[in-house]
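What follows is calculated from the coordinates using simple rules that are stated; it is not laboratory data. Everything quoted here is computed from the prediction, not taken from an experiment. We place every Cβ from the backbone using ideal geometry, glycine too, and count neighbours over all the protein chains shown.
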Amino acid sequence: MQLDEPDQRALALWASDCAEHVLPYFEQEYPQDDRPRKAIEAVRAWVRGEVRVGEVRAAAVAAHAAARDSDKGAPRAAARAAGQAAGTAHMAGHAPHAAAYAVKVATYAAASTYAATAAAAELDWQYGRLPEHLRPVAFPAQSDG
């Protein structure tokens, strides 16, 4: 599916919502490190037309560096979600990865007995917030095509 600019911006906004939904797992562990939050803020600024893609890409790279600096699963995945969300400004294909990392956060954060339930709840949350016509882009396995 080829996306026009408004759809790519909508997808980027959704990806930033997915990343922000799990960002507390990073910020609780690394309260002084704002790189993932800045990536989310950057992609939202891009959606509003306030910054160029290059600035957002730099913020995405910084969020991924924050992930590499983390030695714990949930915070690392939360930082990756932010980096992938920011990457959506450059290429829409990053959006599903932001969502997938958010699901990973939910899985890491849940007790092993509840990991599948936590992952399903995160997916439901994500799916309900994505415009219906963009669902085949982010969730191709669930589309009717």
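A few comments on the model shown:
- Choice from 127, 30, 101 showing the highest fluctuation, given a GNM over the chain with Cα pairs closer than 10 Å: 30
- Comparing 16, 70, 112 in a Gaussian network model of the chain where C-alpha atoms under 10 Å apart are linked, the largest mean-square fluctuation is found at 112.
- Computed from the Cα positions only, the extents of the range 96-145 along the three principal axes stand at 34, 18, 16 Å, in decreasing order.
- The residues packed around residue 129, meaning those with a beta-carbon under 12 Å from its beta-carbon, carry a net charge of -4 if Lys and Arg are +1 and Asp and Glu are -1.
- The value given for the chain is a Kirkwood hydrodynamic radius of 14.8 Å, derived from the mean inverse Cα-Cα separation.
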